[in-house]
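Q: Would you mind keeping the following structure in view while I ask a few things?
Bear in mind that the values in this text are calculations on the coordinates, not laboratory data. Everything numeric in this text was worked out from a predicted model, so none of it was measured.
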Amino acid sequence: MCTCVCVCVCTYVQIRLDFSYLHRTSCDGPFLCGKTMSAADCMYAPIALRLRTYDPEFSSLTPVAAEYMRDICLVPAVQEWVRAAEAEGKNTSFKIAQYDALAD
């Protein structure tokens, strides 16, 4: 992903999260809609994981957005999802030789 796209995505995410923070603080919980994860949090989990690839400390985000992104990455269900994806990547039984040969 080019730097320009990453910066645009980071800017969009932090604006949305900063705006959502007003609602987050009024709901008395670590998630966007209160004490439990909602569909809104599920939407941001893959974004947090992708941004963490390029910016592990979320230093390019505002403090509010960075705090939320760190929090969402610590959710046990998100961590389990990451572990399952890593285990899936180690499974070679589904590979198709002719396609994998093209990648080499």
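Q: Given H placed on each backbone N at 1.01 Å, which residues far from THR62 in sequence or on other chains put an amide H within less than 5 Å of it?
A: Those lying under 5 Å, H to H, from THR62: there are none.
Q: While we're here: Taking only Cα atoms of region 41-94, what ratio of Rg to Rh do you get with Rh as the Kirkwood inverse-distance radius?
A: Rg divided by Rh gives 1.06.
Q: Work out, step by step, the length gained on full extension between ALA87 and ARG52: first 0.36 nm times the residue separation, then minus their alpha carbon distance; give nm to one decimal.
A: Value of the extension gain: 10.7 nm.
Q: Can you list the HN-Hα couplings for region 30-43, worked out from phi with the Karplus curve (6.51, -1.76, 1.60; θ = phi - 60°), rounded to whole Hz and with x for Gly and Pro?
A: Computed from phi, the couplings for region 30-43 are x, 9, 5, 10, x, 7, 10, 5, 10, 4, 4, 5, 4, 5 Hz.
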